[in-house]
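A short worksheet on the structure shown next.
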Amino acid sequence: MEGGYESLRQLEKLCKTDIRYLWILDGMKAPSFATFGNYIRDDLKDSIDQIFVEINQYIFEAEGVDLNHVYIDGTKIEANANRYTWVWKKSCLTNRNKVFAKVTQLLEKMNQEVQFYHGFEIGLREEYAIEYLETALEKYREATGICTDAFVSGRGHRKSTEQKDYEKLQEYIGRLKKYADHIEICGDKRNSYSKTDNDATFMRLKKDYMGNDQVLPAYNMQAAVCDEYIAAITAEQYASDMDCFIPLMEKFHSQYGHYPKYPVADAGYGSYNNYLYCEEHGMEKYMKFTMYEKTVKNGKYRDDPYRAVNFKRNEDGALVCPNGRTFSFLRNIPIRGNNYGRTEELHICESCEGCPHRSNCYKGKKDRRVIRLNQELTQFHSEVLDNLESLHGALLRMNRSIQAEGTFGIIKWDRSYKRAFRRGIESVILEFTLISCGFNLYKYHNKKLRLQTAA
């Protein structure tokens with residue numbers, strides 16, 4: 001409640017020296033730091049979510065907290081991992097393909113050596129499964145009759161051609177296993193991880209104390225705040241806030257049995273996926289989109305007649321540019337990584353030759369302008385603008401900046417929690433949930449004391 005997340009040794013010391021802790025102990029022996037650690041690791045790990053919800057339910061009922069207005073924000077907390085232990089998924093894929101090419105060259109050489117004398121040939125492929133290469137290696141050993149126990153090494157020994165090929169293929173198999181493990185740990189949605197904390201992802205943090213724009217292993221902490229209290233928290237492995245909105249709302253729903261009516265978030269959360277998710281679950285759209293600030297504050301950009309979203313349509317429903325030239329529908333293209341099958345419409349102009357507006361409208365080198373549109377997303381943006389620019393929306397935006405960002409300000413700067421103590425995403429969530437319990441209790445007792453003082 002008071003100091004954020006204290007070290008366990010500090011808690012042991014306070015139990016021996018602080019009168020408040022001695023009063024709680026009521027004559028019992030002060031527990032050691034190991035006792036605190038065992039209790040957190042063994043007992044709280046499975047029950048901390050239930051404890052958090054029960055504390056919140058008591059506070060929310062006593063305070064009359066509104067769970068329909070939720071203010072969402074996220075921050076990146078550095079993981080308890082070494083800084084130069086990165087593994088990049090893209091590098092692993094590139095290096096694995098290079099090993100595949102080397103394996104092909106080696107197998108061609110091995111086939112030339114054994115095919116004529118032993119009638120044995122290893123099939124070549126573009127990509128090789130590890131099990132396939134291990135089977136081929138064993139067959140090569142049987143066909144050539146080499147004995148691995150008789151392999152020589154060191155100075156003064158000359159390796160045979162069969163031994164060299166055998167050991168080289170063995171080395172390639174080991175490298176492929178290593179790359180396969182790295183790619184499996186990264187998974188489908190991550191591009192990196194740390195060797196000392198496999199759940200941590202390398203991200204850019206606002207506080208760059210290294211001074212070289214370096215990525216650091218971190219977790220993306222998300223919080224849903226209701227009337228200054230933390231209602232739900234998650235720790236995600238994705239640097240983008242867009243991917244964190246749905247897991248946070250699902251966590252909120254699992255804890256309180258309903259979805260909030262007004263989820264308010266900044267531009268990092270406004271995406272097609274999240275807007276459709278809100279539409280499906282009866283939530284209003286109060287999340288800004290990427291170009292929200294420019295659209296609202298820059299009238300020249302908002303009303304630009306050459307923007308595709310501002311093009312008018314003729315009687316046949318075709319888009320018409322400011323010069324009166326029509327666009328015809330070309331095709332739909334799918335958007336990669338979209339959960340709802342989002343597509344964009346491609347429209348091509350009949351001709352841009354000799355157009356007096358070309359310098360303002362189209363700066364490409366081709367003869368005709370091609371524009372991309374998604375009518376549903378454009379409609380969502382229009383709805384979000386109407387919601388956020390209303391009086392209710394202005395109040396919600398102001399409250400979000402105070403409550404959600406203020407919550408992380410207290411935790412990170414007042415309580416000095418800027419780096420995780422534990423490793424692994426489950427342990428980090430446990431740690432952050434403990435901090436949230438203390439934050440809510442501290443906030444609740446402060447309000448009670450203020451009311452008593454005022455009375």
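The values are calculated or read from the model by the stated rules, or taken from the named source; none is laboratory data. Worth saying up front: this structure is predicted, and the values here are computed from it rather than measured. When we count neighbours, we look across all protein chains shown, and the Cβ atoms used for this are built from the backbone with ideal geometry, even at glycine.
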Inset, instruction - Would you mind stating whether Val114 is surrounded by 11 or more Cβ atoms within 10 Å (Cβ to Cβ), β-branched (Val, Ile, Thr) and free of Cβ contacts under 8 Å to residues at least 60 places away in the same chain? - result: yes
Inset, instruction - Within the range 286-316, track down each residue that is touching a Leu at 6+ places or on another chain (Cβ under 9 Å) and in a loop (DSSP other than H, G, I, E, B). - result: Lys288, Phe289, Phe311
Legend entry - Counted residues, the range 422-434 - those being assigned to a helix (DSSP H, G or I) and either crowded, with 18+ Cβ neighbours inside 10 Å or in contact with a helix residue (DSSP H, G or I) (Cβ under 6 Å, 6 or more places away or on another chain) (or both): 8
Legend entry - Conditions (1) assigned to a helix (DSSP H, G or I); (2) in contact with a helix residue (DSSP H, G or I) (Cβ under 6 Å, 6 or more places away or on another chain); (3) acidic (Asp, Glu): number failed by Glu108: (2)
Inset, instruction - Please indicate, with yes or no, whether at least one residue in the range 212-219 is within 25 Å of Gly438 (Cα to Cα), buried (at least 21 other Cβ atoms within 10 Å of the Cβ), at pLDDT 95 or above and in contact with a helix residue (DSSP H, G or I) (Cβ under 7 Å, 6 or more places away or on another chain). - result: yes
Legend entry - Residue in the range 263-282 that is within 26 Å of Ile48 (Cα to Cα) and in contact with a helix residue (DSSP H, G or I) (Cβ under 8 Å, 6 or more places away or on another chain) present: yes
Legend entry - Number of positions in the range 17-49 that are of a type in the set (Lys, Arg) and surrounded by fewer than 12 Cβ atoms within 10 Å (Cβ to Cβ): 2
Inset, instruction - Residues being of a type outside the set (Lys, Arg) and within 25 Å of Leu385 (Cβ to Cβ): count how many of those fall in the range 245-266. - result: 11
Legend entry - Residue satisfying all of: in the range 353-372; surrounded by 17 or more Cβ atoms within 10 Å (Cβ to Cβ) and among the hydrophobic types (A, V, I, L, M, F, W, C); nearest to Cys321 (Cα to Cα) among these: Cys361
Legend entry - Matching option when the condition is in contact (Cβ under 8 Å) with a residue 60 or more places away in the chain and aliphatic (A, V, I, L, M), among Leu377, Leu391, Leu395, Leu449: Leu377
Inset, instruction - State yes or no: is Leu385 farther than 26 Å from Asp266 by Cβ, touching a residue at least 60 places away in the same chain (Cβ under 8 Å) and crowded, with 17+ Cβ neighbours inside 10 Å? - result: no
Legend entry - Single condition Val384 does not satisfy, out of (1) of a type in the set (A, V, I, L, M); (2) under 17 Å from Arg307 (Cα atoms); (3) in a helix (DSSP H, G or I); (4) touching a strand residue (DSSP E or B) at 6+ places or on another chain (Cβ under 8 Å): (2)
Inset, instruction - For the range 135-152, name all the residues that are touching a helix residue (DSSP H, G or I) at 6+ places or on another chain (Cβ under 8 Å), at pLDDT 85 or above and small (Gly, Ala, Ser). - result: Ala136
Legend entry - Selected residue (criterion: farthest from Gly354 (Cα to Cα)) from residues of the range 317-336 that are touching a residue at least 40 places away in the same chain (Cβ under 8 Å) and not in a loop (DSSP other than H, G, I, E, B): Leu330
Inset, instruction - Sort through Arg96, Arg83 and tell me the only one that's in contact (Cβ under 8 Å) with a residue 12 or more places away in the chain and either assigned to a helix (DSSP H, G or I) or closer than 30 Å to Gln403 by Cα (or both). - result: Arg96
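Each row is one residue, and each column tells you yes or no for (1) at pLDDT 90 or above; (2) among the hydroxyl-bearing types (Ser, Thr, Tyr).
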residue: Ser359; (1), (2): no, yes
residue: Leu395; (1), (2): yes, no
residue: Gln403; (1), (2): yes, no
residue: Arg423; (1), (2): yes, no
residue: Ser436; (1), (2): yes, yes
residue: Thr453; (1), (2): no, yes
Legend entry - Neighbours by Cβ (under 6 Å, 6+ apart or cross-chain): first from the range 344-358, in a strand (DSSP E or B); second surrounded by 15 or more Cβ atoms within 10 Å (Cβ to Cβ) and among the hydrophobic types (A, V, I, L, M, F, W, C): Glu345/Leu373; His347/Leu319; His347/Phe327; His347/Ile371; Cys349/Phe327
